[in-house]
Amino acid sequence: MGEDLTLFAAKFNGSLRLEARPERLTSEAGAVVLREVIERLKITPWMVERIEDARDQTLITHPMSELINTALLLLGQGWRDQDDADTLRGDAAMRLAVSSRRGISPLKTRPREEDRPLHSNPEVPDGLASQPTLSRLVHTLSSDVNRPVLHEALLEVASRRIKASRGGQRMRYLTVDIDSLPITVHGHQPGSEYNGHYHARIYHPLVASVAETGDLLDVRLRKGAAHTAEGALDFILPLLARAEEKLCQVVAVRIDAGFPEEKLLGALEERKTPYLARVRNNAVLDRMAEPYLKRPSGRPPTEPRTWFHEMTYRAESWSRERRVVLVVLERTDELFLHHFWIITNWTVEQMNGEALLEHYRERGSAENHMGELMDVFDPALSSSPRPKSIYRGRRIEDRASPCDSFAHNETILLLNALAYNVAHVARVLIQTATGEGWSIRRLKERVLRVAARVLIHGRRAILVIGEASASLWCALWSTLGRFRIAEA
């Protein structure tokens, strides 16, 4: 390990010199933690078994398992652009974490070109997969055969995590939150459109999550101008069937005011699935609420009050009357009462108005989890059709299909959601170990983005981290050791 030239000196302290040395230093030690989580979940082999890989397996450098690990770990560590893979190709911690090979072989360099037999496949890749290789991975995963595997993998990870925490048993009851969110794009990606509600050019995907557990169950990319409920029926019904098979015995649905429509409500009632949703105020509902929007006489108490009024309501597009609950809220320092409506197919005996409101308010946790996906991972849906002029010395005139680009962007979104679920497993484990609440951002800053030195001793690689991070790693590893997966 030779010493390189001094880069520069610090003006505030003349005794301080900054140098660059050819040592195995990394700021991505947390990739080892995420890879250990992936290994315990056994999700990569599950995906590889189901993904169609058309490559000649005798000629490849990076097997599908390593490519999937690379994509998930880069996203989990906060490297959202595929170009970042080239920057990190020589990072020792990342090379150890993504590889399926044992020992120190992931750190070995590829033999020189003149030392290898002609047409031989190098046994040791020279670093991480490159940006073009990861682009081809996205193209492979975007096929109509492989993309459903990513959809199913999201729920599979959630299922394995929940069962591992419950001794292999499914939950009795579970509520699935369905919502939409905007993903801003900075270009003219196929399917992205200007949305007047968000005042931006966006994609408008559907997201299914579980507020109580923090897991993402599925995402589906939609065009930017799609209505909130567009495609919701085809998205929700298959998801509920998978959730009842993998996650719980009885599943309920919690949705926002943009979703209640006859087809969706009727389908949920037909399969006897409990649902809970807000209903947008309209002239008819306002007239129904008017008699109840008067304050009781007398001095108000210190704490704001809430009133619940049971009614039935049938919109013009509905086939029947349904139970609605008027919720009237008293707010401090406000003269007028606030009100809104909740619709449900639970009976009063099963869940009264107060219980309905408490259950509906748990949607806030689901919105926080979706916010973490957008804030911490910030999916870069930048794939767009463009001509390929030169490829391997040949001129190519064809242009990628807009449909392919839309599928590529959905694949990127699914990989980000899958990376979120993997990080969420680590978050739950560190919460259990420390007894404190953790956000994904705090997890990344204190546990994942950790500096380290990789030492080679015989046939072992030793990752040396600072004492400040070591205590958290020890706590996480102790809970990870008790993490047992019962495969479906």
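The values are calculated or read from the model by the stated rules, or taken from the named source; none is laboratory data. Everything numeric in this text was worked out from a predicted model, so none of it was measured. FYI the Cβ positions are ideal-geometry reconstructions off the backbone, even for glycines, and counts take in every protein chain you see. Note: areas computed on protein heavy atoms with side chains; ligands, DNA, RNA excluded. Shrake-Rupley method; radii C 1.70, N 1.55, O 1.52, S 1.80 Å.
Could you pull out the residue among ALA451, ALA461 that is within 16 Å of SER27 (Cβ to Cβ), over 23 Å from the mean Cα position of the chain (by Cα) and not charged (D, E, K, R)? Break it down into steps so the answer makes sense when it comes.
Values: ALA461 fails: within 16 Å of SER27 (Cβ to Cβ).
Unique residue meeting the criteria: ALA451.
Taken across the stretch 46-68, residues that are touching a residue at least 24 places away in the same chain (Cβ under 8 Å) and on the phi > 0 side of the Ramachandran plot do not occur at all.
Condition check: within 24 Å of THR273 (Cα to Cα), without any contact (Cβ under 8 Å) to a residue 40 or more places away in the chain and surrounded by 11 or more Cβ atoms within 10 Å (Cβ to Cβ). Does ARG323 satisfy that? Against the criterion (within 24 Å of THR273 (Cα to Cα), without any contact (Cβ under 8 Å) to a residue 40 or more places away in the chain and surrounded by 11 or more Cβ atoms within 10 Å (Cβ to Cβ)), ARG323 qualifies. Residue by residue through the stretch 332-355, note down the ones that are outside any loop (DSSP other than H, G, I, E, B), touching a residue at least 12 places away in the same chain (Cβ under 8 Å) and over 20 Å from LYS272 (Cβ atoms). HIS339, PHE340, TRP341, GLY353, GLU354 - these are the residues of the stretch 332-355 that are outside any loop (DSSP other than H, G, I, E, B), touching a residue at least 12 places away in the same chain (Cβ under 8 Å) and over 20 Å from LYS272 (Cβ atoms).
Every residue, every condition in (1) basic (Lys, Arg); (2) in a helix (DSSP H, G or I); (3) at pLDDT 90 or above, yes or no:
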| residue | (1), (2), (3) |
| --- | --- |
| PHE406 | no, yes, yes |
| ASN409 | no, yes, yes |
| LEU413 | no, yes, yes |
| ASN416 | no, yes, yes |
| VAL425 | no, yes, yes |
| GLU436 | no, no, yes |
| VAL450 | no, no, yes |
| ILE456 | no, no, no |
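In the stretch 215-240, which residues are under 18 Å from the mean Cα position of the chain (by Cα) and more than 16 Å from GLU156 (Cβ to Cβ)?
First, the residues of the stretch 215-240 that are under 18 Å from the mean Cα position of the chain (by Cα): 215-222, 235-236, 239.
Those that are under 18 Å from the mean Cα position of the chain (by Cα) and more than 16 Å from GLU156 (Cβ to Cβ): ARG220, LEU221, ARG222, PHE235, ILE236.
Evaluate the stretch 163-178: report whether one residue or more is in a loop (DSSP other than H, G, I, E, B) and open to solvent by less than 30 Å² (accessible area, probe 1.4 Å). No, the stretch 163-178 contains no residue that is in a loop (DSSP other than H, G, I, E, B) and open to solvent by less than 30 Å² (accessible area, probe 1.4 Å).
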